[in-house]
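To start, the structure under review is shown below, and the notes come after it.
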Amino acid sequence: MTEQPTDAPAAAEAVDTIFRMESARIIAGVARVVRDVGIAEELAQDALVAALEQWPREGVPDNPGAWLMTTARRRAVDLVRRRERYARKLAEVGRDLETAPHHLDAPADPDDIDDDLLRLVFTACHPVLSAEARIALTLRLVGGLTTPEIARAFLAPEATVAQRIVRAKRTLATRNVAFEVPYGPEREARLGSVLEVIYLIFNEGYAATAGDDWLRPALCEDALRLARVLAGLMPKEPEVHGLAALLELQASRSAARTGPSGEPVLLRDQNRRRWNRLLIRRGFAALARADAVSAGVPGPYALQAAIAACHARAYAYEDTDWRRIATLYGLLAARSPSPVVELNRAVAVSMAEGPGPALVLVDALAAEPALRDYHLLPSVRGDLLARLGRTSEARAEFERAASLARNERERDLLRARAAECG
């Protein structure tokens, strides 16, 4: 411990800061003992309360993260011992908890914690949960966000988010979801769910679906941190590095994507000197790691990262290798078919070959049910029509896109583009 007691406000601030940094590891370490993420979170909170009580009186420990982990794990072991099936549970968590109690007083092995953290990520993102529940639970357990913070990020009522988290924990418990990292085909399927959750979190921060703000940087930062953690925990998985590369490269543009009043700035109008070169270098490095461990055709996230890399390598919009981007979108469409991918490919084709051929591709997507209320379909069509000189038709498309958009900033941008066609 520190030699001198700490005043209450300073201790409380230290507890809050350290708990936010360490909460995911603590919950993961405790969950391995109790095999229940809901109970693990409660025990981690108990350790937090103990710190708030003791640290102002006794001082902040030299290793506060280890103190919290030790306190939470001790309480977990006490809980296991109180259960009727103590012998079986004890065998599951390892005989060393009973035979070598000194392990509880020492910091856990870093590799062991990482293993536990990986288990926590896979559990929070289990496909048995809805996408909304997976996102909320991941941000709560792995991201360390509070329920009000998650609610504000996704513009949802706190009660709704709280209910999602409670139901998610209950579902994991009642369905007896194992606290483990799966292997074989199940691991591949579950990894897809994990990557999807991180990708959805980032996308909501990068281009908010609703509300008054175009960007929510905190969500992008949370997703990027999760992607980096996952890449460190699973260094041989190419799509993990592919996702990390994609998020690094996308995040590099954030400062240039909004104007002084928070209005969206289109890619062609962005000041590329404001792009973050450090994040671009990190993105290139992650993409190289994905290529190095890939056994053949790159996966969907690596392909998207390769597309983002084409933009990052162009120092001016006019220097963009659109033919390469169109080819990559073709590979992506073959690897992961989607109407949205086809729409993006049409945009690349419009830049490589002209708006005419691209309009044919876009019109072929008009009957797609998945794009019926997707505002970017009429937005792209409006842009192509404007470039072809068909301004009245373009105006109608931009107005339709504005009526479908849920984000106020994006709606203003589309209305402005409609006015330009007037």
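The numbers here are math on the coordinates, done by the rules we state, and not lab data. Please read these numbers as outputs of a predicted model, since none were measured by experiment. Neighbour counts are summed over all protein chains in view; Cβ atoms, including those assigned to glycine, are modelled from backbone coordinates with ideal geometry.
How large is the charge dipole for the chain, taken about the Cα centre, if only the Cβ atoms of Lys, Arg (+1) and Asp, Glu (-1) carry charge, to the nearest 20 debye?
820 debye
Between residue 175 and residue 313, what length in nm is gained on full extension when 0.36 nm per residue of separation is reduced by their alpha carbon distance?
Working: separation 138, 0.36 × 138 = 49.68 nm, distance 4.76 nm.
That pair, residue 175 and residue 313, stretches by 44.9 nm at full extension.
If you take the C-alpha gyration tensor of the chain, multiply each eigenvalue by 5 and take the square root, what semi-axes do you get, largest first, in whole Å?
Numbers: eigenvalues 418, 104, 81 Å².
Calculated on Cα positions only, the semi-axes equal 46, 23, 20 Å.
Which order do the peptides 357-368, 64-75 come out in when sorted by mean C-beta neighbours inside 10 angstrom, highest first?
Numbers: 357-368: 15.7, 64-75: 21.1.
Ranking, from highest mean packing down: 64-75, 357-368.
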Notebook entry, point to check: Got a sec? Charge dipole of the chain, +1 on Cβ for Lys and Arg, -1 for Asp and Glu; which of 129, 9, 348 is way out at the positive end?
Noted result: 348
Notebook entry, point to check: Around residue 179, which amide H atoms from residues at least 5 apart in sequence, or from another chain, sit under 5 Å from its own amide H, with H modelled in the peptide plane?
Noted result: none
Check: Suppose R0 equals 25 Å; then what is the FRET efficiency for residue 293 and residue 228 from their Cβ-Cβ distance, rounded to the nearest 0.05?
Finding: 0.95
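Can you give the charge dipole size of segment 207-319 about its Cα centre, rounded to the nearest 20 debye, using +1 on the beta carbon of Lys and Arg and -1 on the beta carbon of Asp and Glu? Please report the intermediate quantities before stating the final value.
On the way: 15 positive and 12 negative charges, 87 e Å.
About 420 debye.
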Item checked: Rounded to the nearest 20 debye, dipole of segment 110-207 from Cβ charges on Lys, Arg, Asp, Glu -> 540 debye
Note to self: Given all pairs of different Cα atoms, what value in angstroms does the Kirkwood hydrodynamic radius of segment 110-207 take?
What the structure shows: 13.8 Å
Item checked: Over the chain: helical MRE at 222 nm, DSSP H runs n ≥ 4 each giving -39500 (n - 2.57), nearest 500 -> -22500 deg cm²/dmol
Note to self: Just want the answer: with Cβ charges of +1 for Lys and Arg and -1 for Asp and Glu, which residue in 329, 48, 211 is farthest toward the dipole's positive end in the chain?
What the structure shows: 329
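What is the ratio of the Cα radius of gyration of segment 312-422 to 2.2 N^0.38 Å, where N is its residue count, to two decimals? Could the numbers behind the result be given before it?
On the way: Rg = 14.2 Å, N = 111, 2.2 N^0.38 = 13.2 Å.
Cα-based Rg divided by the globular estimate yields 1.07.
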Note to self: Apply the Karplus curve 6.51 cos²θ - 1.76 cosθ + 1.60, θ = phi - 60°, to the phi angles in segment 314-319 and return the couplings in whole Hz, x for Gly and Pro.
What the structure shows: 8, 6, 9, 4, 5, 8
Check: Of all trypsin sites (Lys or Arg not before Pro) in segment 209-277, which ones are in loop regions per DSSP and have a Cβ with at most 12 other Cβ atoms within 10 Å?
Finding: 236
